[in-house]
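What follows is a short report on a single structure.
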Amino acid sequence: MARRPLIAGNWKMNGLLADGLAANLTGLMKGKPDWPFEMAVCPPFTLLQHVGKAIGDSAIALGAQNCHTKESGAHTGDISPVMLKELGCTYVILGHSERRTDHGEKDSLVKAKAMAAHKAGLKTIVCIGETEAERDAGKTLTVNQTQIKGSVPEGSSAATLVIAYEPVWAIGTGRTPTNPEIQEVHAFIRKELAAVIGSEAAGVRILYGGSMKPGNAREIMALADVDGGLIGGASLKAEDFWAIAQSCP
Ligand code: PGA
């Protein structure tokens, strides 16, 4: 099944109005022909509206980095998926390892958030990945299996779900698994996804994330079961983010 690669930028808690990052990105893309890949940027909540306007008539999609499980209500400091949809978001990143670590998010909560996001008409980028200790203990596949089973809602489809495999030890460290290791985990994830969502799994984009940069993107994205990237640090420089996107096969 043909899968259109997705290059998504996760800005994390970075970005101020003055940075002009979205404008730099759209500037780089002006006049470019249709791309064979899809691009998305996921700025912090505070910049969603501004970035949404900046990318308005470009082909870049807008995404958020988290959402609540409820549509509205007494949840001080939280943002609902309906609110994100109203702001023009297409995607929401869920279950990022930094949320799992900083906020104790468990698979069951990630799944509830994904269900709420799908109901609101958002596409989800559900993040999974093992820690270094888990990899060293030979538990890489079982950890990712547990996270898939626990975090992915049964009714998800290739149109609503994207998975990001992000080994925790590769995030922001400059280290990555070897290419065969990445392909092994991605193929395994697709197989395990099929146990949850059936034949739709063949069409789900599985992104690699963790220290992806212009220098390694081409070889990683050439792997059979890698369908793009979730880019952190390198998405904060428009030239690097664009170079990574252009590395899509
Ligand atoms: P990184 O982050 O590209 O800076 O390693 C990726 C991510 O956490 O999504």
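The values are calculated or read from the model by the stated rules, or taken from the named source; none is laboratory data. All figures in this text were calculated on a predicted structure; none of them were measured in a lab. Note that each Cβ is placed from the backbone with ideal geometry, even for glycine, and that neighbours are counted across all protein chains shown. For the accessible areas, the whole protein counts, side chains as well, though only heavy atoms, and no ligand, DNA or RNA atoms are used. Shrake-Rupley method; radii C 1.70, N 1.55, O 1.52, S 1.80 Å.
Counting only Cα, what are the radius of gyration and maximum Cα-Cα distance Dmax of segment 147-213, in Å?
12.5, 36
Would you mind getting the accessible area per residue of segment 1-76, heavy atoms of the protein chains only, 1.4 Å probe, in Å²? Intermediate values should be presented prior to the final figure.
Working: 4120 Å² over 76 residues.
Accessible area per residue, segment 1-76: 54 Å².
In whole angstrom, how far apart do the alpha carbon centroids of segment 156-214 and segment 218-242 sit?
One Cα centre to the other: 13 Å.
Just reorder Arg175, Arg100, Arg218 by solvent-accessible area, largest first, 1.4 Å probe, all chains present. Provide the component values of the computation, followed by the final result.
On the way: Arg175 105, Arg100 40, Arg218 145 Å².
Ranked from most to least accessible, the order is Arg218, Arg175, Arg100.
How much net charge surrounds Gly150 when only other residues with a Cβ under 10 Å from its Cβ are counted (Lys, Arg +1; Asp, Glu -1)?
Result for the local shell: +2.
Roughly how many Å is it from the Cα centre of segment 110-152 to that of segment 13-33, as a whole number?
30
Once the whole set of protein chains is in place, how much accessible area is left on Asp57, using a 1.4 Å probe, in Å² to the nearest 10?
Accessible area of Asp57: about 150 Å².
For Trp35, what accessible area in Å² do you get when you roll a 1.4 Å probe over the heavy atoms of the protein chains, rounding to the nearest 10?
40
Note down the net charge around Thr140, summing +1 for each Lys or Arg and -1 for each Asp or Glu among other residues with Cβ under 11 Å from its Cβ.
Details: positive: Arg135, Lys139; negative: Glu130, Glu132, Glu134, Asp136, Glu181, Glu184.
Charge balance near Thr140 sits at -4.
In terms of the Cα gyration tensor, with a ≥ b ≥ c the square roots of its eigenvalues, is segment 58-159 rounded because a/c is under 1.5, prolate because a/b exceeds b/c, or oblate?
Numbers: a/c = 2.00, a/b = 1.69, b/c = 1.18.
Cα axes put segment 58-159 in the prolate bin.
Give, in whole angstrom and from largest to smallest, the semi-axes √(5λ) of the equivalent ellipsoid of the chain, with λ running over the eigenvalues of the Cα gyration tensor.
Working: eigenvalues 123, 100, 58 Å².
Result for the chain: semi-axes of 25, 22, 17 Å.
Can you tell me the accessible area per residue over segment 169-224, all protein chains present, probe 1.4 angstrom, in square angstrom? If you can, show how the numbers build up before the last one.
Numbers: 2240 Å² over 56 residues.
Dividing the accessible area of segment 169-224 by its residue count gives 40 Å².
Rounded to the nearest 500, what is the chain's calculated 222 nm mean residue ellipticity when only DSSP H runs of at least 4 contribute -39500 (n - 2.57) each, over all residues?
Working: 10 runs with 93 residues, N = 249.
Only helices count here, giving -10500 deg cm²/dmol.
For each pair in Lys85/Lys139; Lys30/Lys191; Lys32/Lys106; Lys191/Lys213; Lys12/Lys111, compute the distance between the two Cα atoms and list the pairs where it is over 31 Å. Mind dumping the intermediate values first?
Values: Lys85/Lys139 37 Å; Lys30/Lys191 39 Å; Lys32/Lys106 41 Å; Lys191/Lys213 27 Å; Lys12/Lys111 21 Å.
Where the Cα-Cα span goes over 31 Å, the pairs concerned are Lys85/Lys139; Lys30/Lys191; Lys32/Lys106.
Got a number for carbon plus sulfur as a percent of the chain's accessible area, 1.4 Å probe? Could you put the intermediate results ahead of the total?
Details: 6000 of 10940 Å².
C and S fraction of accessible area: 55 percent.
Kindly provide the Kirkwood hydrodynamic radius of segment 1-122 in Å, to one decimal, from all pairs of distinct alpha carbon atoms.
Numbers: mean 1/r = 0.0653 Å⁻¹.
One decimal place: 15.3 Å for the Kirkwood radius.
Provide the solvent-accessible area of Lys213, counting protein heavy atoms only and rolling a 1.4 Å probe, rounded to the nearest 10 Å².
The value for Lys213 is about 90 Å².
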